[in-house]
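Peer 1: Can you keep this structure in mind? I'll have questions shortly.
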C-alpha cells in the first residue's frame, strides 16, 4: 500500500512544491532551465495533464505531468524521503496510467535521485547534451515506442521549449 496519494495539480500545490523543492530539483530548474520555480511551477501546471503527490500528513511531495502529449516532467520536495519506496511505487502508478505511446524529456545529470527513479520507472537513457543558460550536462530519457524517429527533433524541441520559458 502506498503512503502517497495522487491528486490533480493545483496552484496551491505548485506553490508549496516551489517553496520546498529538493536542492537538486531547485538547481535543475534555476541553473538548468534558467527559470524561477516560484513563478514558473504555478504557470506550468496550466499546460498538459499534471498531478501532485501528497503524504498522509497532507504535505505535498511533488508535482508531475505530461505536456505536448509526450514530454514528461517531475519535481519533488524532501517529503519523498519519508517513504521512498512508497513514493517510487506511486510514481510508477502514475507512469503506468499514461496512455501516450512515448514519454520523454531530459534531466540534469547532477540530479541522481531522479535518474535512479527514472531507471526504476522503466525509462531508457539516451545521449548527454549540453543544455540551458549554464550549458549543463543533461541526459535524454524515454519510455515507449517510436523514439528513434523523433530523437533529434525531440531534443531540439526541448532546447526551444527551455528558451521560450526563460
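Peer 1: Does the stretch 111-121 contain any residue that is touching a helix residue (DSSP H, G or I) at 6+ places or on another chain (Cβ under 7 Å) and surrounded by fewer than 17 Cβ atoms within 10 Å (Cβ to Cβ)?
Peer 2: yes
Peer 1: For residue 149, indicate whether it is more than 15 Å from the chain's Cα centre (by Cα), assigned to a strand (DSSP E or B) and either over 26 Å from residue 13 (Cβ atoms) or modelled with pLDDT of 90 or more (or both).
Peer 2: The answer is no for residue 149.
Peer 1: From the list 57, 20, 69, pick out the single residue that is farther than 23 Å from residue 138 by Cβ and at pLDDT below 95.
Peer 2: Answer to the check: 57.
Peer 1: Consider the stretch 107-131. How many of its residues are at pLDDT below 95 and either in a helix (DSSP H, G or I) or closer than 21 Å to residue 22 by Cα (or both)?
Peer 2: 1
Peer 1: Where residues in the stretch 25-50 are within 17 Å of residue 8 (Cβ to Cβ) and in contact with a helix residue (DSSP H, G or I) (Cβ under 6 Å, 6 or more places away or on another chain), which of them is surrounded by the most Cβ atoms within 10 Å (Cβ to Cβ)?
Peer 2: 41
Peer 1: Out of (1) assigned to a loop (DSSP other than H, G, I, E, B); (2) farther than 21 Å from residue 109 by Cα; (3) in contact with a strand residue (DSSP E or B) (Cβ under 9 Å, 6 or more places away or on another chain), what's the single condition that is false for residue 21?
Peer 2: Condition not satisfied by residue 21: (2).
Peer 1: Further question on the same structure: Considering each of 91, 14 in turn, give the residue that is touching a helix residue (DSSP H, G or I) at 6+ places or on another chain (Cβ under 8 Å), free of Cβ contacts under 8 Å to residues at least 60 places away in the same chain, in a helix (DSSP H, G or I) and more than 18 Å from residue 115 (Cα to Cα).
Peer 2: None of the other options fit; the residue is 14.
Peer 1: What single numbered condition from (1) in contact with a helix residue (DSSP H, G or I) (Cβ under 9 Å, 6 or more places away or on another chain); (2) assigned to a strand (DSSP E or B); (3) farther than 24 Å from residue 53 by Cβ fails to hold for residue 134?
Peer 2: Every condition holds for residue 134 apart from (2).
Peer 1: Quick check on the stretch 26-42: of everything there that is closer than 17 Å to residue 71 by Cα and modelled with pLDDT of 95 or more, which residue is farthest from the chain's Cα centre (by Cα)?
Peer 2: 40
The values are calculated or read from the model by the stated rules, or taken from the named source; none is laboratory data. The structure displayed is predicted, hence computed values, not measured ones. Every residue, glycine among them, receives a Cβ derived from its backbone with ideal geometry; neighbour counts consider all protein chains shown.
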